[in-house]
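Peer 1: Okay, here's the structure, questions in a sec.
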Amino acid sequence: MKSGDLKETWTVAAPSALAVQTDGTLLAVSEDPAAAEADRKGRFKPEPVVAPAYGGKVLSVRKGQATPLCADHLDQPYGVAADRDGRIYVSNWGKLNNVSVFGPDGKFQRSVGKEGGRPRMGRYDGSGMLRPAGIGVDEQGRLWAAEHILFPKRMSVWDTKTGQLAKEFFGGSWYSSHAWVDPEKPEEIYCDGVIWKVDYDRKTWEPYSTIWYGNPYLDFDTLSPEGSHYGGFRAFTARNGRQYAWAASQGNVLFIRQGDIYKPFLSAFV
């Protein structure tokens with residue numbers, strides 16, 4: 001149909017992400033309002049909700065009839081995709097923090113990515129995902145996952161047979177992002193809330209640690225270390241040998257390094 005006219009309307013309980021299988025079956029993630037409300041807590045005013053009967057499941061929709069298809073091995077499902085063989089992929093935002101793979105019949109087969117995902121803060125672990133959102137399967141059968149997280153912004157590619165990471169991409173960066181180097185530790189570059197380890201001779205780099213993560217959903221989060229528009233995150237080594245850092249967002253914040261993270265300990269609001 002080229003006109004764009006509405007043909008019919010289907011009733012589906014709390015639909016969010018959608019995908020279509022090769023046989024034309026529509027797949028729909030039925031959002032769990034309670035989980036979604038908790039996820040938005042702190043930024044949006046909670047509204048009374050009535051959980052649908054199929055909340056937190058993947059529904060199969062044919063000729064307007066929606067029935068549960070995938071129900072187990074799901075934890076706050078977010079994105080859904082299908083490959084050419086009819087397998088179903090569902091990204092999880094809950095404790096699983098990975099992608100569940102189901103057969104065309106909706107039965108669980110395996111997981112992609114480490115269960116529990118990678119840490120939100122501290123040492124970077126590429127074998128896990130963090131809040132995988134939009135997902136898709138390419139012609140080679142590889143799973144692509146865009147992660148709904150800022151530090152670092154990551155697109156990961158996975159071998160669907162082994163569940164192992166195949167490749168990863170980072171970026172784009174914030175508007176007017178800053179990079180910073182402590183002269184005492186030139187092998188570490190700070191950019192967008194992440195310590196990046198750099199080998200200048202080999203011309204390689206990799207994420208090492210997410211230095212701090214406050215509440216990303218608060219509109220007024222002075223503990224966010226990116227400070228992209230206000231001068232960046234500036235780390236330095238003091239005479240006592242400890243590393244400290246200054247960052248500015250809506251206020252000025254001082255941080256102290258504790259292992260692989262920088263913990264805020266003083267803030268001044270203007």
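The values are calculated or read from the model by the stated rules, or taken from the named source; none is laboratory data. Keep in mind the model is a prediction, meaning the values are calculated, not measured. Quick reminder, even Gly has a Cβ in these numbers, built from the backbone with ideal geometry, and neighbours come from all protein chains shown. Please note that ligands, DNA and RNA were not included when accessible areas were found on the heavy atoms of the full protein model with its side chains. Shrake-Rupley method; radii C 1.70, N 1.55, O 1.52, S 1.80 Å.
Peer 1: What order do Glu206, Glu31, Glu139 take when sorted by accessible area (1.4 Å probe), most exposed first? Numbers along the way, then the final one.
Peer 2: Details: Glu206 110, Glu31 70, Glu139 160 Å².
In descending accessible area the options line up as Glu139, Glu206, Glu31.
Peer 1: Quick one: check the C-alpha center-to-center distance for the range 159-210 versus the range 5-31, whole angstrom.
Peer 2: Value for the Cα centre distance between the two parts: 38 Å.
Peer 1: Let me ask something else about it. Here is the link list: Lys114/Lys185; Lys95/Lys203; Lys57/Lys95. Which ones come out longer than 25 Å on Cα distance?
Peer 2: Result: Lys114/Lys185; Lys95/Lys203 exceed 25 Å.
Peer 1: With a Cα-only, solvent-free Debye model of the range 100-209, what are the log10 I(q)/I(0) values at q = 0.10, 0.21, 0.24 Å⁻¹?
Peer 2: Result of the Debye calculation: -0.35, -1.17, -1.38.
Peer 1: Just the accessible area for Glu8, please: 1.4 Å probe, Å², rounded to the nearest 10?
Peer 2: Looks like 120 Å² after rounding.
Peer 1: Using θ = phi - 60° and the Karplus curve 6.51 cos²θ - 1.76 cosθ + 1.60, what whole-Hz ³J(HN,Hα) does each residue of the range 152-169 get, with Gly and Pro shown as x?
Peer 2: Going residue by residue, I get x, 7, 9, 10, 10, 10, 10, 7, 6, 7, 9, x, 9, 5, 9, 6, 9, 10 Hz, with x marking Gly and Pro.
Peer 1: Sticking with this one: Order Ile88, Ile135 by their accessible area, 1.4 angstrom probe, all chains in place, largest first.
Peer 2: The ordering from most to least exposed comes out as Ile135, Ile88.
Peer 1: Evaluate the relative contact order of the range 86-218 (contact order divided by residue number), counting alpha-carbon pairs under 8 angstrom at least 6 apart; express in whole percent. It would help to have the intermediate numbers written out before the result.
Peer 2: Details: 284 pairs, mean separation 22.1, N = 133.
Computed over the range 86-218, the figure is 17 percent.
Peer 1: Another question, if that's okay. Above 17 Å lies some portion of the pair distances; for the range 88-161, what is it as a whole percent of all C-alpha pairs? Write out the running numbers ahead of the final one.
Peer 2: On the way: 1043 of 2701 pairs.
Taking all Cα-Cα pairs of the range 88-161, the fraction more than 17 Å apart is 39 percent.
Peer 1: Set the Förster radius R0 to 51 Å, insert the Cβ-Cβ distance between Ala71 and Asp260 as r into 1/(1 + (r/R0)^6), and round the FRET efficiency to 0.05.
Peer 2: Numbers: r = 38 Å, r/R0 = 0.74.
Efficiency for this residue pair is about 0.85.
Peer 1: Treating the range 138-178 as a set of equal point scatterers at the Cα positions, no solvent, please give the Debye-formula log₁₀ I(q)/I(0) at q = 0.21, 0.32, 0.33, 0.34 Å⁻¹.
Peer 2: Normalising to I(0) and taking log10 leaves -0.67, -1.09, -1.12, -1.15.
Peer 1: Additional query: Straight-line reach from Lys2: which lysines fall under 26 Å, measuring Cα to Cα and dropping same-chain residues less than 8 apart?
Peer 2: Partners found: Lys63.
Peer 1: Another question about this same structure. Work out, step by step, the length gained on full extension between Arg120 and Glu206: first 0.36 nm times the residue separation, then minus their alpha carbon distance; give nm to one decimal. Could you put the intermediate results ahead of the total?
Peer 2: Numbers: separation 86, 0.36 × 86 = 30.96 nm, distance 1.66 nm.
Gain on stretching Arg120 to Glu206: 29.3 nm.
Peer 1: Further, regarding this structure: Can you figure out the FRET efficiency of Ala238 with Gln140, using R₀ = 45 Å and their beta-carbon distance, to the nearest 0.05?
Peer 2: 0.35
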